[in-house]
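For reference, the structure is listed below as structure tokens.
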Amino acid sequence: QVQLVESGGGLVQPGGSLRLSCAASGIIFRLNAMGWYRQAPGKERELVAEITSGGSINYADSVKGRFTISRDNAKNTVYLQMNSLKPEDTAVYYCQTNRYSMAYWGQGTQVTVSS
């Protein structure tokens with residue numbers, strides 16, 4: 001059974017930083033691409049960043065230069081380091097992966113950027 005468990009969200013002031021973590025189980029982690037998505041109230045879920053098994057990385061234009069995705073295959077964990085946070089980054093952040101062509105999602109972690 002695939003499980004993705006996110007942690008690290010919270011309330012932060014504009015300009016601040018947070019690091020999200022996603023611990024995965026039920027997959028051969030080192031072989032899986034992993035992604036971070038977010039969904040703000042009233043908006044569709046959108047891709048924030050993704051990292052392939054080989055380490056190739058893709059970012060949404062809105063977070064380039066501010067967010068960094070990384071993975072630790074020994075810990076079956078993917079991270080999202082978020083710097084220079086803006087109010088428009090406020091959303092629920094989800095970890096995502098695929099297994100046998102099925103998409104799996106974590107429960108989400110709330111990130112709120114506000115003064």
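Hey, what do the phi angles of region 98-115 turn into as Karplus ³J(HN,Hα) couplings, whole Hz, using 6.51/-1.76/1.60 and θ = phi - 60°, x for Gly and Pro?
Result, ordered by residue: 10, 8, 6, 6, 9, 8, 10, 10, x, 7, x, 9, 7, 10, 10, 10, 7, 9 Hz.
Can you give me the Rg/Rh ratio for the chain, using Cα atoms for both radii and the Kirkwood formula for Rh? Kindly include the intermediate steps, with their values, before the conclusion.
Working: Rg = 13.4 Å, Rh = 14.1 Å.
Value, to two decimals: 0.95.
Between region 56-115 and region 8-27, what is the separation of their alpha carbon centroids in Å?
7 Å
Take every DSSP beta bridge with both residues inside the chain and express the antiparallel ones as a percent of the total, to the nearest 5.
Values: 38 of 41 bridges.
Beta bridges within the chain, antiparallel portion: roughly 95 percent.
Mind checking which aspartates and glutamates have their C-alpha under 15 Å from Lys75, skipping anything on the same chain fewer than 8 residues away?
Glu6
Using Cα-only point scatterers and the Debye equation, what is log10 of I(q)/I(0) for region 7-66 at each q in 0.17, 0.18, 0.25, 0.30 Å⁻¹, rounded to two decimals?
Values returned for q = 0.17, 0.18, 0.25, 0.30 Å⁻¹ are -0.75, -0.83, -1.29, -1.34.
On the protein heavy atoms, probe 1.4 angstrom, tell me the percent of accessible surface of the chain carried by carbon and sulfur. Each step should come with its number before you reach the end.
Details: 2880 of 6210 Å².
It is 46 percent, rounded to a whole number.
How large is the accessible surface of Leu18 in square angstrom, using a 1.4 angstrom probe and rounding to the nearest 10?
It works out to around 30 Å².
Check the straight Cα-Cα distances from Lys86 and name the aspartates and glutamates below 16 Å, setting aside those fewer than 8 residues away within the same chain.
List returned: Asp61.
Per residue, how large is the accessible surface of the chain? Use a 1.4 angstrom probe and give square angstrom. Display every interim value, and only then the final one.
Values: 6210 Å² over 115 residues.
So the chain comes to 54 Å² accessible per residue, rounded to a whole number.
Which chymotrypsin sites (Phe, Trp or Tyr not before Pro) in region 1-104 sit in a loop by DSSP (not H, G, I, E or B) and have at most 11 other Cβ atoms within 10 Å of their own Cβ? Provide the component values of the computation, followed by the final result.
Values: sites: Phe29, Trp36, Tyr37, Tyr59, Phe67, Tyr79, Tyr93, Tyr94, Tyr100, Tyr104; in loops: Tyr100.
The qualifying sites are Tyr100.
Need the list of aspartates and glutamates near Lys43 for cross-linking: C-alpha distance under 15 angstrom, and skip anything on the same chain fewer than eight residues off.
Partners within reach: Glu88, Asp89.
With a 1.4 Å probe and all protein chains kept in place, how do Glu46, Glu6, Glu88 rank by accessible area, largest first? Mind showing how you got there, number by number?
Details: Glu46 80, Glu6 10, Glu88 125 Å².
Ranking Glu46, Glu6, Glu88 by accessible area, largest first, yields Glu88, Glu46, Glu6.
The values are calculated or read from the model by the stated rules, or taken from the named source; none is laboratory data. Here the structure is a predicted model, which means the values were calculated and not measured. In this analysis, Cβ positions are derived from the backbone assuming ideal geometry, glycine residues included, and neighbour counts consider all displayed protein chains. Side chains included, ligands, DNA and RNA excluded: accessible areas come from the protein's heavy atoms. Shrake-Rupley method; radii C 1.70, N 1.55, O 1.52, S 1.80 Å.
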